[in-house]
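First, the structure itself, so that you have it in front of you.
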Amino acid sequence: MSTKLTKKQALDLAKAFKASALSVGTYTVEHWAELPPSERERLNSIEWSLFNASEDMINLATQLALDDLEAVLENIEKATKAATNAIKKIETTKKAVSIAAGLLTLASAIMSKSPSAILSALKDIADEIRKG
């Protein structure tokens, strides 16, 4: 059994913390009149701490995805080289622009650190090159 948290587990925890925060907030609102001010303040603090924990888990999931992304870096390099070679061989401006735009999309995806955007951009470039 692995003791390392996966990105899916981190996202599941983020959802659970957010749901808990919403439940605490709902409880506070529904029982506002009967709660002493100090309890309302404490529940409000707990609610925001749970929201923050949710955000922390999302950040952790993103970092875990980026760690996994290192395995994809080789594919990024291959796709970039293939696109560059394809552009050199292309006779139509439209095709060259399409592949170059795909490379820009890939660059933006890498800068955004979005694994799904990176994988999507890689697929789009490969598809465009295959169209020949």
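Read the figures in this text as sums done on the coordinates, not as results from a lab. Just so you know, these numbers come straight off a predicted model, no measurement behind them. Cβ sites come from the backbone with ideal geometry, for glycine too, and all protein chains shown count toward neighbours.
Using Cα atoms only, what is the angle between the long axis of helix 37-69 and the major principal axis of the chain, expressed in degrees (0 to 90) to the nearest 10?
20 degrees
Where the only charges are on Cβ atoms (+1 Lys, Arg; -1 Asp, Glu), what is the dipole of the chain about its Cα centre, to the nearest 20 debye?
Dipole magnitude for the chain comes out near 920 debye.
Also, I was wondering about something else. With charges only on Cβ, +1 for K and R and -1 for D and E, what is the dipole size of the range 7-70 about its Cα centre, in debye, rounded to 20?
Charge dipole of the range 7-70: 120 debye, to the nearest 20.
Here is a further query. Under a 5 Å amide H to amide H cut-off, with H placed in plane at 1.01 Å, what residues pair with THR6 once short-range neighbours are removed?
Sorted by chain and number, the residues that satisfy this come to none at all.
For every helix of n ≥ 4 consecutive DSSP H residues, a contribution of -39,500 (n - 2.57) applies; sum these over the chain, divide by its total residues, and give [θ] at 222 nm rounded to the nearest 500 deg cm²/dmol.
Value at 222 nm, helices only, nearest 500: -29000 deg cm²/dmol.
Rounded to the nearest 0.05, what FRET efficiency do ASP56 and LYS94 have when you use their Cβ-Cβ distance and R0 = 30 Å?
Working: r = 46 Å, r/R0 = 1.53.
So the FRET efficiency works out to roughly 0.05.
Additional query: Of TYR27, THR3, GLY102, which is farthest along the charge dipole of the chain in the positive direction, counting Lys and Arg as +1 and Asp and Glu as -1 at C-beta?
My answer, from the dipole projection, is GLY102.
Also, I was wondering about something else. Counting other C-beta atoms within 10 Å, which of THR80, THR6 has the fewest, and how do the rest follow?
Numbers: THR80 16, THR6 13.
In increasing order of surrounding Cβ atoms, one gets THR6, THR80.
Quick one: dipole size for the range 71-130, taken about the Cα centre, charges +1 on Lys/Arg Cβ and -1 on Asp/Glu Cβ, in debye to the nearest 20.
Value, rounded to 20: 120 debye.
With θ taken as phi - 60° and the coefficients 6.51, -1.76 and 1.60, list the Karplus ³J(HN,Hα) couplings across the range 21-35 in order, rounded to whole Hz; mark glycine and proline as x.
Per-residue couplings from phi come out as 4, 4, 5, 4, x, 4, 4, 4, 5, 5, 10, 3, 4, 8, 8 Hz.
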